[in-house]
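Following: one structure in structure tokens, then a few remarks.
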Amino acid sequence: MSDISAEQVRHLANLARIDLSDAEIATMTTELGQIMEAVASVQAVATPDVPATSHPIPLKNVYRPDVVADVIPTEKALASAPEHDGSRFKVSAILGEEQ
């Protein structure tokens, strides 16, 4: 285990303005020791010649070309609508009347 003492845990708790009981300090001493060991094992494996990355594989955005295409005429789009007013779809209100 890591060399974290109960006194160091008390000091950290004091800095964080956290009141810990003796039992909580004992638990935190063990848990912080395990965390420090895990960090040390990662540091032992990490190599300085490997650049830091945000993703394990390179990512790039894939865009489709912006192409002008034929659009469906309004009359045809509204033909299959259950309700319309001639130029727009009619739908039930989903926002309050104040909108």
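The values are calculated or read from the model by the stated rules, or taken from the named source; none is laboratory data. Fair warning: this is a prediction, and the values are worked out from it, not measured in the lab. Every residue, glycine among them, receives a Cβ derived from its backbone with ideal geometry; neighbour counts consider all protein chains shown.
Side notes on the structure shown:
- When residue 34 is tested against (1) assigned to a helix (DSSP H, G or I); (2) modelled with pLDDT under 85, exactly one condition is not met: (2).
Residue-by-condition table, conditions (1) touching a Gly at 6+ places or on another chain (Cβ under 7 Å); (2) over 30 Å from residue 12 (Cβ atoms); (3) surrounded by 10 or more Cβ atoms within 10 Å (Cβ to Cβ):
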site	(1), (2), (3)
34	no, no, yes
49	no, yes, no
55	no, yes, no
84	no, yes, yes
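- Among the residues listed as 4, 18, the single one being touching a Ser or Thr at 6+ places or on another chain (Cβ under 8 Å) and part of a loop (DSSP other than H, G, I, E, B): 4
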